[in-house]
Amino acid sequence: MHIPSKPVPAEAIELVDQHGPDGLLIARTQLAQARDAGDDVRAARWQTLSDAISALLEDRKSNRAGEHAAAHLGSLHG
């Protein structure tokens, strides 16, 4: 099991688990709406979640690439 380098809010993990990469779009949409409404507290929350989701997606992407490379190397030796 891979442990992320920084703590990730549970809500960010839930959005990615439920919506995949679209979780980032949802968070960014909520961020834009909060900014448009002048709600700095909500905007800060959604900015944090957007950043966390982006990092989480990047982390998962790099893990999949690493697993793919390891599987490929294993098949070369098998």
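Give, in nm to one decimal, the length gained when the segment between K6 and A44 is fully stretched (0.36 nm per residue of separation minus the Cα-Cα distance). List each step's numbers first, then the result.
On the way: separation 38, 0.36 × 38 = 13.68 nm, distance 1.80 nm.
That pair, K6 and A44, stretches by 11.9 nm at full extension.
Work out from phi, with θ = phi - 60° and the Karplus expression 6.51 cos²θ - 1.76 cosθ + 1.60, the ³J(HN,Hα) of each residue of the range 37-47, listed in order in whole Hz, and give x for Gly and Pro.
Computed from phi, the couplings for the range 37-47 are 7, x, 8, 5, 5, 4, 4, 5, 4, 6, 5 Hz.
Express in nm, to one decimal, how much length is gained between A55 and A37 on full extension, taking 0.36 nm for each residue of separation and deducting their alpha carbon distance. Could you put the intermediate results ahead of the total?
Numbers: separation 18, 0.36 × 18 = 6.48 nm, distance 2.62 nm.
The span from A55 to A37 would gain 3.9 nm if fully extended.
Values in this text are rule-based calculations from the coordinates and carry no lab data. Worth saying up front: this structure is predicted, and the values here are computed from it rather than measured.
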